[in-house]
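Comments concern the structure below.
Read-outs: derived from the displayed coordinates by stated rules, not from any lab. Predicted model only: the values in this text are computed from it and were never measured. Virtual Cβ from ideal backbone geometry, glycine too; neighbours counted across all protein chains shown.
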Amino acid sequence: MRALLDPLPIRRLWGVGPVLGKRLETLGIRSFAELANYDTMELAHELGDRADELQALARGEDAREVVADRAPKSYGEENTFESDVSDRERVTAALTAHAEAVARRVRHDGYVARTITLKAKLARARGRRETRDGSEPSYPLLTRSKTLDTPTDDGALVRNVAVALWDAAALAEPVRLLGVSLSNLERKQAPSQLELFAPKRDAVGPARNSEGLGRALDAITERFGASAISRAVDKPEKITHGRMRKRGES
């Protein structure tokens with residue numbers, strides 16, 4: 001375990017974002033190994049109560065009890081940008097990647113969703129909020145949702161709704177975070193066999209073709225890996241990494 005963790009850059013550790021990452025780097029801590037081996041008393045003086053938890057994580061130790069699996073309430077994908085974003089092309093690229101990722105996860109678990117939610121954190125802070133490390137700028141968080149008549153697991157549809165919600169919001173300032181989530185979930189009924197490039201035969205043809213495409217992409221990803229195939233957009237880089245594998249990830 002330590003052989004895998006020790007070389008990793010410190011920003012890969014759960015809970016270490018840009019601010020804390022820079023703070024650790026000023027202490028000469030740039031990797032998991034350097035954090036794990038850092039003087040415990042000195043680190044506690046610098047970080048307070050977080051020191052023990054972060055050092056344990058850097059060593060691959062997690063004392064939390066295992067929680068039994070339960071039915072999900074929602075699935076979400078989001079990212080914080082390295083720099084504030086207002087360009088629509090970058091926004092729609094991020095929303096496309098998030099929509100595809102979250103749709104793939106609900107398909108993996110056999111769900112469909114009625115409610116699609118767009119999440120955006122504005123770039124201009126309004127005051128400060130208290131944290132266990134002191135305080136930090138407070139950025140307004142906006143959400144916009146649409147509930148569909150028919151539940152879906154189609155990434156293209158989720159993307160189109162998310163982009164429409166973005167356009168309707170008409171935000172007048174840049175954003176630092178974007179996310180897409182699916183909720184109001186239902187178990188999906190067993191699908192019928194679909195041809196990937198079946199010709200349209202009726203009004204529901206486009207939706208059925210898109211559903212078949214989604215399942216075909218899933219099959220290719222499952223066999224050849226996540227980088228084998230995807231929509232033609234750049235996946236946004238997450239600057240703070242998650243601690244656990246997300247529900248629905250292979």
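Here are some notes:
- Pairs meeting the criteria (first residue in region 164-191 and free of Cβ contacts under 8 Å to residues at least 60 places away in the same chain, second residue among the small types (Gly, Ala, Ser) and loosely packed, with under 13 Cβ neighbours inside 10 Å, beta carbons under 7 Å, at least 6 apart or on different chains) are lacking.
- In the condition set (1) surrounded by 15 or more Cβ atoms within 10 Å (Cβ to Cβ); (2) under 23 Å from residue 119 (Cβ atoms); (3) in contact with a Lys or Arg (Cβ under 8 Å, 6 or more places away or on another chain), residue 15 is compliant with all but (1).
- Selection within region 128-175 - over 20 Å from residue 116 (Cα atoms) and among the basic types (Lys, Arg): 128, 129, 132
- Checked against the criterion of being surrounded by 15 or more Cβ atoms within 10 Å (Cβ to Cβ), part of a strand (DSSP E or B) and either without any contact (Cβ under 8 Å) to a residue 60 or more places away in the chain or under 15 Å from the mean Cα position of the chain (by Cα) (or both), the candidates 114, 129, 144 yield just one match: 144.
- Conditions (1) surrounded by fewer than 15 Cβ atoms within 10 Å (Cβ to Cβ); (2) in contact (Cβ under 8 Å) with a residue 40 or more places away in the chain: number failed by residue 61: (2)
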